[in-house]
Each structure stands twice: as C-alpha cells, then as structure tokens.
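See below for the structure under consideration.
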Amino acid sequence: MSKYTEDDLREELKTKEYEYGFYTDIESEKFPKGLNEDIVRAISKKKNEPEWMTEWRLEAFRVWQQMEEPEWANVTYAKPNFQDISYYSAPKKKPKLNSLDEVDPEMLATFEKLGISLEEQKRLANVAVDIVMDSVSVATTFKETLAEKGIIFMPISEAIQEYPELVKKYIGSVVPTTDNFYAALNSAVFSDGSFCYIPKGVRCPMELSTYFRINEGGTGQFERTLVIADEGSYVSYLEGCTAPQRDENQLHAAVVELIALDDAEIKYSTVQNWFPGDSKGKGGVFNFVTKRGICETNAKISWTQVETGSAVTWKYPSCILKGNNSVGEFYSIAVTNNFQQADTGTKMIHLGKNTKSTIISKGISAGKSQNSYRGLVQIGSRAENARNFSQCDSLLMGNECGAHTFPYIETKNKSAQVEHEATTSKIGEDQLFYCNQRGIDTEKAIALIVNGFSKEVLNKLPMEFAVEAQKLLEISLEGSVG
Amino acid sequence: MTDEKRMEELKDKLLSSYLAFENGKDINSDVHDIRSKALQNFEKLGFPTKKLEAWKYTSLNSILKEDYSIFPKAETAVELADVKKYFIHDIDTYKVVFIDGKYSSFLSNTTHDNMDICLLSSALTKPKYKAIIENFFNKTAKQDNLTSLNTAFANEGAYIFIPQNVEVEKPIQIINFTTGAENATMIQPRNLIVAERNSHVQIIERHQSLTDNAILTNAVTEIFVDTHASVDYYKIQNDNTNASLVDNTFIEQQKESTCSVHTFSFGGNITRNNLNFFQKGEHINSILKGVTIIEGRQHVDHHTLVHHIEPNCESHQDYKGIFGDRSTGVFNGKVIVEKEAQKTNAYQQNNNVLISDKATINAKPQLEIFADDVKCSHGCTIGQLDQQALFYMQQRGIPKKEANALLMYAFANTVLESVKIPEVKQRITNLIAEKLGVNIGFEL
C-alpha cells in the first residue's frame, strides 16, 4: 500500500461531497414493495431454503408484527414505512465464479471506484473478500486456501444449503428472533450475508472481510452474519461499507452473531461509511444493527468500530461473557457531522467468574449532529471477580452539536470492580496555535489532533483498515471547524 | 388484590380527598388555581412505575399498596425528651417542627425579626406575603407526577425568607415527625426558601417517624438563591425501616450565587432523592454531595439533575455509597449543558462499595452536552476496600472491624470535609460509626 501523504489529504479534503456516492446501473430482479407472509415465503423460496428455515423466518415475522418500533434511543427521524420497501433484490446475472474474469465488468468498475481492487487485494493484502452486492454474493476469493484449513467462509444462503446442521444450531442462538424489532425484521427477511466457521484449534491465516453496498434504490438491506469460532480457534473479521448517494432514506437492519467457543478468539472490526445525508441533512442511510457475541470459557471477543456514516445509527455491539475467564472488548470511534445522529455503545454482560471487559469509546461531534454513547455493564450475582473498565471521551466541534453519555452500570456482586469515566472537551486553542506556529495549517492540525484523540481505537484496527479509517475521519470532519 | 389495583385505589383516595381539602381553602386565589392544575396533572400521570426511564431502578409498588391516612386527625402530643435526640441540640438554632404535617409551636423556635422563618400555611394566606408567593411559589418545581401530587395538597411546611444582606446567625432546622398513631400515614410537606441578594443561610432538614406503622413522605422543597447569596442545605435521612421518603428539591440560582446540598442517607425503607439545580446566571457554583450507608433491604436512589443554562458556571457532585445485606443503591446523575453555557466546569463523581453478596448497585451517570468549550467529566466506580491498606492496619494492631470502619470513613470523608457546621459534622461522624458498628470517634 502506497504511503498516504499530506498532499493526498489536501486532495481528499477538496472533495466535499460524499465521494463514493455513485450509482451502478445493474439490472436487478426485484420484489414488489411491501411485507407479508407471502413475501417472506417467496424470499425463502427464492433462496431454495429448507422447510425449517422458512418456518423460522415466518415465526420471526409473526413476532415482528406484534412488536413496536423502539423509541428510547436519543435520535429523531421519520420512521420508515415498512410496507414501502422492496425486501429482495438480486443482481440478475448471477455468475458462478471461479475467476474474476467472470464478474460483470460494470460491477468490477464499481469496485475499482471504491478502491477495492480484487486483484490488488489478492496479491498484496492477503485478504479473502466475500463481496455482498445487493444482498447476493457475487464474488468469493481465496476459497481454496481457506478450504485447506477446513475454514468455511461463504454466503449464508449457501451455508444453509451446504451446512444446515451448523446454521440450524447457531442461528438465532445469540440474537433470538424475539430480541428486538429490527432483529425480528431481519430474521424474517434477511436476504444474505456471510457465514464463517473456524474449526477446532485453527488459526485463520488471513483477515476475512466483507464489503457491503446498498445499491438498488428503495431496497432495504438485511444482512445476516454468523461467525462461529470453534474451540481454540482464532479469526479476525473485517466489515466495511460505502453506499451510493441517494435522496430517499435507506434502511439497513443487519444482525451479526458471534460465537466464541472455549478458548476461541474473535476479532470483529467494522469501518462503517454509509451515506450520511448531504450537508443539509437530506437523505442518508438508517443503520439499525444488532450485533452480539457470546463467549464460552476462556474465550475472547473484541469489537472495533469506526462509525463515520449513516444519517441515523443505532448500534450496540455486545458481549455475553458466559464462560469463566472470558474477555470482552469494545473499541469505538463515532464521528458525526452535519445532521447525523448516532446512538451507539455496547453491552457487557458478565455472567462467568473472572470475566473482564474493556470499553473505550470516542465520540466526535461536529456541525449540527448529535452523538450519544449508551452502554450497559452488568455484573451478575455469580460473576465473582468480574472486572470492567470503561472510558467514554467526547470531542465537540462548534456549539450546535451535542454529545451525550448514557452509561448504565448494574452490579450484583461484591467482588466486582467497575470503573467508568467520561470526559467532554474541545480542541484546545493552544493546541491549534502550537501547530499553526509550526507551519501546520488549521485544517491539518485538526486532523492531527482528532487522530491523536482516536489513536487508542485506531491502533486496534488491522493495518489495512487503520489507514482507511484515518482517511475517513479526516474526510468526515472536513469543513466542520471554521 | 394486585399492586396495580392497590395503587389505583390510593390514587382514587387522594383524588377524592382533594374535595375535602379544598373545603375551607380560599378557592378564588391564585394558589387554588395552581393546586387544581397540579391535581389534574397528577390525575393524568398517576404514580410513577418502573416503565418510566427515571424510575427504572426504583419501584414504589411495595409502599403504594398501603392504605394511608392522608389527613391525620388530632394533633398528637410529643414529649420533648423523646425526640430531643433527633435535633442538633448542642447549638442554638431556629426550628420549624411539624408533627404529622401540623405545626408544633411547642417544639419550634421561629422568628419574624428582620427575616421570616415561619409557616407556609400563613404565607399562602396572609396578604403581606402575596408578592413573594406570586413570584416564587411553584415556580421552579417540575410538573412531574409526585411533585404535582404534592403541589395539589401544598399547604404546610417551612417558609423561610432571608432579605438582602442578611446573614442568618444560626442554622435553621426543619423537622417533620410522624406519629402515625392510628395507621399508615402519608404526609406531604412543602417548603419554600427564598434567599435574597447577598444573604446567607444554613438549613438542616430531617424526616423522622416515631411509629412502627408505614409512613410515606412526599416532600417538595423550592429554594431560590439570588445574586451573591449562599445557601447550605443538609439533609439527614436516618429513619425507621418502615418509613419511605420521596424528596423533591428544586433549586434556582441567580448569578454569582452558591448553593450546596449534602444528603446523608443512612436509613429508611425506600428513599428517593430528586435533587434538581437550575443555573440561571453566570458564575454560579452548585455543590451536590452525599453519603449513603445502608443495610437490610433498604433502598436509596439519588436522582440528580444539574442544568447549566448560562456560561462560566460550575457544578460539583460527589456521592459515596456503602451497601450491605440485601440493600440496593441507585445513582442517576444527569448534567445538561446548554449551548449558551460555554466555559462550564461540571464534575460528577460516584463511588460505591458493596460489602455483601446480595447487595446491588445500579448507576447511571449521564451527560448531555451541547456546548463545545466546556470541561465536563464524570467518574463512577464500584469496588472493594483496599485489601493492602486493611492488611497494613491489622499488622499494626488495629482489629479488622475497626480497620474496615476507618477505611470506609476515609472513603466517605471527601463529602464530610465540606460540611460547614461542626455539630452536624460530628453528628454525621457518630452516625457513620454507629452504622459501621464501631465505637471510635474517627478523630485520628
């Protein structure tokens, strides 16, 4: 990867509007708008799913119908009309892929614009990419390499066909269909997503990554990801996304389930860059995501996220520390600008003995945006010697934005040690002055300071992502300080 | 009968007894309008339930099912000797004392000399107080359910008016005794305190039950602190385990004023402290501190709000809690910084120690910040006493129990340090020793 210089940054900063906002015209097959049992059945049928899966979806749909949209989050938005969404769209020419040559050339061009050159990635980054484009996987690389180790990494729709017993055992085991409004909706209508299984004692040799894109206008994206790390295994999973610029609000309600069995470790990193709406707050993606992992004995789950996009974000990657000595981590940077609203945080549920969790959350608000941290640390009565450390720092730019913290701490065990601290500050004028004095202009100085502020989290990202994330932070805050 | 049904019954009882209450009051006054409106508000809102975010961790179901008598009948005589221990009696103080919600002239020591330390009931009715009542009564109190309920029945309590440049030379004690002689009793004291420009006053407040019957106190106190004035308020809560308290305090501060509230919660059944500060000028300092030491099945909930509206103000919060047996503690602190309130310095600290496996602590320190040039931080910890310090002391011949107590006293001491009345400090120190079951004076 070539070095990213300050000149590159200057170039980047000139591009004020959302740079990945383009629209690829690929003829896609689409369901009529609306949602009812027939649509759920049709999606299931389209995917050629077994009977149990169809039933599972229908059950979720019935539960969903009884539920109400949650309103407790510190965000305001026009509620999506769930009957005005098309719940399935797939690129029509679904190629059976063995090599990249078979991919639709137009789609390849799209990836190039996004900077995901598959060849490049294959050769340089050593990353296997399972690209999800409008809900159906169209390209999978490095499958053979992974297969050698016995690692299963494929679209979940294929996994349902090929490994039904694994899917049946684990799907919905961490995020039940009844969990919440959006999880139930996702369970009923999810179109595709990634499935990953790491066998016992295997250390996945490469970072697994998926790029999400919302493409077809008016299509909600309902991804379902299931990662299972069997005893003693390790996997690092990357997820990143960009979306085309669009006037209409787009709904994204994904569910991610992680299962770390005894002694396993899962590292899940996200760079989220959905279209945030333009500088007047128009358009933008609604991101209502349920992410949760369960840790068995001695297992570890680590969530790292960089949130720069979406008009509205509602996302709480959580860890259930069920096994003794298990560890949960959450590292997050959430940047909001213009009219963006983010309500994000984590839940750490300590059930096992000697469980540990760490929460580092950095919120940066600029423009007229609202940025909230909402977290829960719960120590059960049997969780002897549980330990938690939480730190939430907020950086405010301008006086039209807001930073909020809503930490909930519930402790039922006397041996628990819980620490929570939060600070709110702005970029110091002395800091800026110091930089200016040394010939660094204000814009660049801010980028520098923001990077320093976020360093603790950026450091947790895998190399490839860290560079990208750093660029994203700078672009997201462009023009926010005068 | 279900809890909900019982709660509904109590609500109906309160609503219907309003008619009797109204009888004998001047129904053409402004105060009457305020009361009627508040009653309608309560009728609409009902009692708070756990479904409300503000009451997520505190359920009133167990205390609202009692059949409370709302207007205790005859005034019950109380012997001074029996209740002397509840007063800070080793110094000269003004006293405003109520028994079952009725003024006790025998136990009180009020004044109209250069200031008013008297009764709200007379302030609400006498023409000479009309202007002040119009300006201040029910002006800062929120319109939430229990405050509205209190407002509807607001009649008696302490009325304290300190004019400009007056420094009250001795502290004022406000004490509410409940005898509940016949059955469970509910009382709703209402206090109004106005400290004019440049004045200074110290107030000690206490609620004390003298019976084994269930007691529910729903108190509202409004405090206005004018420019340059300073108010120190001490709440001592060490009641019987069958007495519950919902204490709603609303404080409005003008520029360059200082107000501190210390809350010492050592007893009671369910204690809920709603403490609200509104800063309506620049260079204001607000101080909220508390020590909670409870055991058994007691429940203490501190629900604080500091609303920073103007620039250059400060707020300091420091709450310490020690929880034994099956007790539960709640701390819900909220700091709001409006976008005009630049250069705010808000600090919030909450530390808790659990000394039993069955005790629970729920904390929710909350910040809502809309201004960029501010210093806001909060810290919240839940942990144990330092085992090494304990070992160090035991090694030097201090028995474990005393060593433990010393550590806990040191833990709570940051709150005690700022108590400005030595006698109150001494009283609290003794209470802490009593609670921790040791006989040491902590004057080490």
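As an exercise: evaluate residue B:376 against (1) out of contact with any helix residue (DSSP H, G or I) (no Cβ under 6 Å at 6 or more places or on another chain); (2) more than 7 Å from chain A (Cβ to nearest Cβ); (3) of a type outside the set (D, E, K, R) and give the number of the one condition it does not meet.
Only one criterion in (1) out of contact with any helix residue (DSSP H, G or I) (no Cβ under 6 Å at 6 or more places or on another chain); (2) more than 7 Å from chain A (Cβ to nearest Cβ); (3) of a type outside the set (D, E, K, R) is unmet by residue B:376, namely (2).
Can you find even one residue in the range B:166-173 that is touching a helix residue (DSSP H, G or I) at 6+ places or on another chain (Cβ under 8 Å) and either farther than 19 Å from residue B:287 by Cβ or outside the structural domain of residue B:47 (by TED's automatic domain parsing) (or both)?
Within the range B:166-173 (the criterion being touching a helix residue (DSSP H, G or I) at 6+ places or on another chain (Cβ under 8 Å) and either farther than 19 Å from residue B:287 by Cβ or outside the structural domain of residue B:47 (by TED's automatic domain parsing) (or both)), the answer is no, since none of the residues qualifies.
Could you pull out the residue among B:130, B:170, B:142 that is among the basic types (Lys, Arg), surrounded by fewer than 20 Cβ atoms within 10 Å (Cβ to Cβ) and not in a loop (DSSP other than H, G, I, E, B)?
Working: B:170 fails: not in a loop (DSSP other than H, G, I, E, B); B:142 fails: not in a loop (DSSP other than H, G, I, E, B).
B:130 is the lone residue from the list that is among the basic types (Lys, Arg), surrounded by fewer than 20 Cβ atoms within 10 Å (Cβ to Cβ) and not in a loop (DSSP other than H, G, I, E, B).
Here is a list: B:47, B:42. Which entry is part of a helix (DSSP H, G or I), in contact (Cβ under 8 Å) with a residue 60 or more places away in the chain, closer than 23 Å to residue B:274 by Cα and touching a Lys or Arg at 6+ places or on another chain (Cβ under 9 Å)?
Details: B:47 fails: part of a helix (DSSP H, G or I).
On inspection, the qualifying residue turns out to be B:42.
Would you confirm whether any residue within the range B:69-83 is under 21 Å from residue B:186 (Cβ atoms), in contact with an Asp or Glu (Cβ under 7 Å, 6 or more places away or on another chain) and at pLDDT 90 or above?
Among the residues of the range B:69-83, not one is under 21 Å from residue B:186 (Cβ atoms), in contact with an Asp or Glu (Cβ under 7 Å, 6 or more places away or on another chain) and at pLDDT 90 or above, which makes the answer no.
So which of A:416, A:342 is within 12 Å of chain B (Cβ to nearest Cβ), open to solvent by less than 10 Å² (accessible area, probe 1.4 Å) and either in contact (Cβ under 8 Å) with a residue 12 or more places away in the chain or among the β-branched types (Val, Ile, Thr) (or both)?
On the way: A:342 fails: within 12 Å of chain B (Cβ to nearest Cβ).
One residue alone meets the criteria, A:416.
Quick one: residue A:314 ticks every box in (1) among the hydrophobic types (A, V, I, L, M, F, W, C); (2) open to solvent by 20 Å² or more (accessible area, probe 1.4 Å); (3) under 23 Å from residue A:180 (Cα atoms) except a single one, so which number is it?
(2)
Do we find that residue B:341 is more than 9 Å from chain A (Cβ to nearest Cβ), outside any strand (DSSP E or B) and among the hydrophobic types (A, V, I, L, M, F, W, C) in this structure? Before you say what the answer is, go through the steps one by one.
On the way: more than 9 Å from chain A (Cβ to nearest Cβ): yes; outside any strand (DSSP E or B): yes; among the hydrophobic types (A, V, I, L, M, F, W, C): yes.
Answer is yes for this residue.
So, in the range A:366-397, how many residues would count as being over 22 Å from the mean Cα position of the chain (by Cα) and either more than 9 Å from chain B (Cβ to nearest Cβ) or open to solvent by 30 Å² or more (accessible area, probe 1.4 Å) (or both)?
12
Quick one: which residue in A:405, A:411, A:424 is open to solvent by less than 10 Å² (accessible area, probe 1.4 Å), over 19 Å from residue A:358 (Cα atoms) and at the interface with chain B (Cβ under 10 Å from one of its Cβ atoms)?
Checking each option against the conditions leaves just A:424.
For the range A:161-187, what are the residues that are touching a Lys or Arg at 6+ places or on another chain (Cβ under 7 Å) and part of a helix (DSSP H, G or I)?
A:186, A:187
Being modelled with pLDDT of 85 or more, closer than 27 Å to residue B:131 by Cβ and either assigned to a helix (DSSP H, G or I) or polar (S, T, N, Q) (or both): is that true of residue B:10 here?
Values: modelled with pLDDT of 85 or more: yes; closer than 27 Å to residue B:131 by Cβ: no; either assigned to a helix (DSSP H, G or I) or polar (S, T, N, Q) (or both): yes.
Considered against the rule, which asks whether it is modelled with pLDDT of 85 or more, closer than 27 Å to residue B:131 by Cβ and either assigned to a helix (DSSP H, G or I) or polar (S, T, N, Q) (or both), residue B:10 comes out as no.
Can you name the condition, by its number, that residue A:434 falls short on among (1) more than 7 Å from chain B (Cβ to nearest Cβ); (2) open to solvent by 10 Å² or more (accessible area, probe 1.4 Å); (3) under 30 Å from residue B:360 (Cα atoms)?
(3)
What's the total number of residues in the range B:380-422 that are within 15 Å of residue B:317 (Cα to Cα), surrounded by fewer than 16 Cβ atoms within 10 Å (Cβ to Cβ) and either of a type in the set (Gly, Ala, Ser) or within 14 Å of another protein chain (Cβ to nearest Cβ) (or both)?
The total comes to 1.
Which ones in the range A:30-61 are among the basic types (Lys, Arg), touching a residue at least 24 places away in the same chain (Cβ under 8 Å) and in a helix (DSSP H, G or I)?
Here is the first cut: in the range A:30-61, the ones among the basic types (Lys, Arg) are A:30, A:33, A:41, A:45-47, A:57.
Next, only the ones that are touching a residue at least 24 places away in the same chain (Cβ under 8 Å) stay: A:30, A:33, A:46-47, A:57.
Residues satisfying the conditions are A:46, A:57.
Does residue B:88 meet the test of being farther than 25 Å from residue B:303 by Cβ, open to solvent by less than 20 Å² (accessible area, probe 1.4 Å) and part of a loop (DSSP other than H, G, I, E, B)?
Spelling it out, residue B:88 is indeed farther than 25 Å from residue B:303 by Cβ, open to solvent by less than 20 Å² (accessible area, probe 1.4 Å) and part of a loop (DSSP other than H, G, I, E, B).
Would you mention how many residues in the range B:349-361 are in a strand (DSSP E or B), within 7 Å of chain A (Cβ to nearest Cβ), without any contact (Cβ under 8 Å) to a residue 40 or more places away in the chain and open to solvent by less than 10 Å² (accessible area, probe 1.4 Å)?
The number of residues fulfilling the criteria is 1.
Need pairs with beta-carbon distance below 6 Å; first residue closer than 16 Å to residue A:421 by Cα and within the range A:369-383, second in a loop (DSSP other than H, G, I, E, B); sequence gap 6+ or separate chains.
A:372/A:74; A:373/A:345; A:374/A:345; A:375/A:345; A:375/A:346
Residues are listed down the side, and each one gets a yes or a no for (1) more than 25 Å from the chain's Cα centre (by Cα); (2) at pLDDT 85 or above; (3) buried (at least 16 other Cβ atoms within 10 Å of the Cβ):
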| site | (1), (2), (3) |
| --- | --- |
| A:40 | no, yes, yes |
| A:47 | no, no, yes |
| A:50 | yes, yes, no |
| A:56 | no, yes, yes |
| A:60 | no, yes, yes |
| A:64 | no, yes, yes |
| A:69 | no, no, no |
| A:74 | no, no, yes |
| A:77 | no, no, no |
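Each row is one residue, and each column tells you yes or no for (1) of a type outside the set (Ser, Thr, Tyr); (2) within 7 Å of another protein chain (Cβ to nearest Cβ); (3) assigned to a strand (DSSP E or B); (4) open to solvent by 50 Å² or more (accessible area, probe 1.4 Å).
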site	(1), (2), (3), (4)
B:289	yes, no, yes, no
B:347	no, no, yes, yes
B:363	yes, yes, yes, no
B:371	yes, yes, no, no
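Is at least one residue of the range A:316-338 in a loop (DSSP other than H, G, I, E, B) and within 15 Å of the chain's Cα centre (by Cα)?
Yes, the conditions are met somewhere in the range A:316-338.
With the condition kept exactly as written, say whether any residue in the range A:354-364 is more than 14 Å from chain B (Cβ to nearest Cβ), within 15 Å of the chain's Cα centre (by Cα) and open to solvent by less than 10 Å² (accessible area, probe 1.4 Å).
no
Condition first: open to solvent by less than 60 Å² (accessible area, probe 1.4 Å) and in contact with a Ser or Thr (Cβ under 8 Å, 6 or more places away or on another chain). Now tell me which residues in the range B:332-343 satisfy that.
We begin by selecting, within the range B:332-343, every residue open to solvent by less than 60 Å² (accessible area, probe 1.4 Å); these are B:332-333, B:335-338, B:341-342.
B:332, B:333, B:335, B:337 - these are the residues of the range B:332-343 that are open to solvent by less than 60 Å² (accessible area, probe 1.4 Å) and in contact with a Ser or Thr (Cβ under 8 Å, 6 or more places away or on another chain).
Go through the range B:47-74 and report how many residues are farther than 22 Å from residue B:239 by Cα, of a type in the set (Lys, Arg) and surrounded by 14 or more Cβ atoms within 10 Å (Cβ to Cβ).
So the count comes out to 1.
Would you check if residue B:77 is open to solvent by 90 Å² or more (accessible area, probe 1.4 Å) and of a type in the set (A, V, I, L, M)?
It is true that residue B:77 is open to solvent by 90 Å² or more (accessible area, probe 1.4 Å) and of a type in the set (A, V, I, L, M).
The values are calculated or read from the model by the stated rules, or taken from the named source; none is laboratory data. Since we're looking at a predicted model, the values are computed, not measured. Counting neighbours? That spans all protein chains shown, and the Cβs are built from the backbone with ideal geometry, glycine included. To get the accessible areas, we keep the full protein, side chains included, count just its heavy atoms, and leave off ligands, DNA and RNA. Shrake-Rupley method; radii C 1.70, N 1.55, O 1.52, S 1.80 Å.
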